[in-house]
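Everything on this sheet refers to the single structure shown next.
What follows draws every value from the coordinates through simple rules; no lab data is involved. Computed from a prediction, not measured in an experiment: that's the story for all the values here. Methodologically, a virtual Cβ is constructed for each residue, glycine included, from the backbone with ideal geometry; neighbour enumeration extends over all protein chains shown.
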Amino acid sequence: MKTALVALVALVSSTALCAASGAAAQNGRFATTTLTAGMHLIKAEVAATDAQRAQGLMFRETMPANAGMVFVFDAPATQCMWMKNTPLPLSVAFIDAGGKIVNIRDMQPHTLDSHCSTKGVPVKYALEMNLGWFQQKHIKPGMKIGNLPAQP
């Protein structure tokens, strides 16, 4: 009986350790940077490769209040985002190469709807934040996001 209990505790501990390190590895795959939006600071994970942009915020259950993810695209163009496997409701700001917000779209969890930047206005970045963050902070199209990362 004692051996079975020790084995069970070891199995549970091992499973918890694997789950914790898996979550840390997923979150650790992205470098972070501090962006500015007016007087607001944003701790943003950076998705700059095809694989990172494809993963995005999939499977994330929560995100801190002033945190987000900035997607860095290879070249300015019309960009679209979707919410496949993403349980968080998000708002996305599409941003041109100079840091100016072109447009902002709200996105609902687990949808495959395309949320795109304004046609004919090339963007270099997309910044995903918790749903309503831009509106709550009075951040609007035409305003600038500072400290955006360059393409690696």
**Request:** Out of the residues in the range 127-152 that are buried (at least 18 other Cβ atoms within 10 Å of the Cβ) and in contact with a Gly (Cβ under 7 Å, 6 or more places away or on another chain), state the one that is farthest from GLU45 (Cα to Cα).
**Result:** ILE139
**Complete:** Picked from the range 104-152 (must be polar (S, T, N, Q) and over 17 Å from the mean Cα position of the chain (by Cα)), the residue nearest to ALA65 (Cα to Cα) is GLN136
**Complete:** Taking the range 40-71 and keeping only residues that are farther than 14 Å from PRO89 by Cα and among the small types (Gly, Ala, Ser), one is left with ALA44, ALA47, ALA48, ALA51, ALA54
**Selected residue (only one of ALA97, ALA44, ALA65 is small (Gly, Ala, Ser), in contact (Cβ under 8 Å) with a residue 60 or more places away in the chain and part of a loop (DSSP other than H, G, I, E, B))** = ALA65
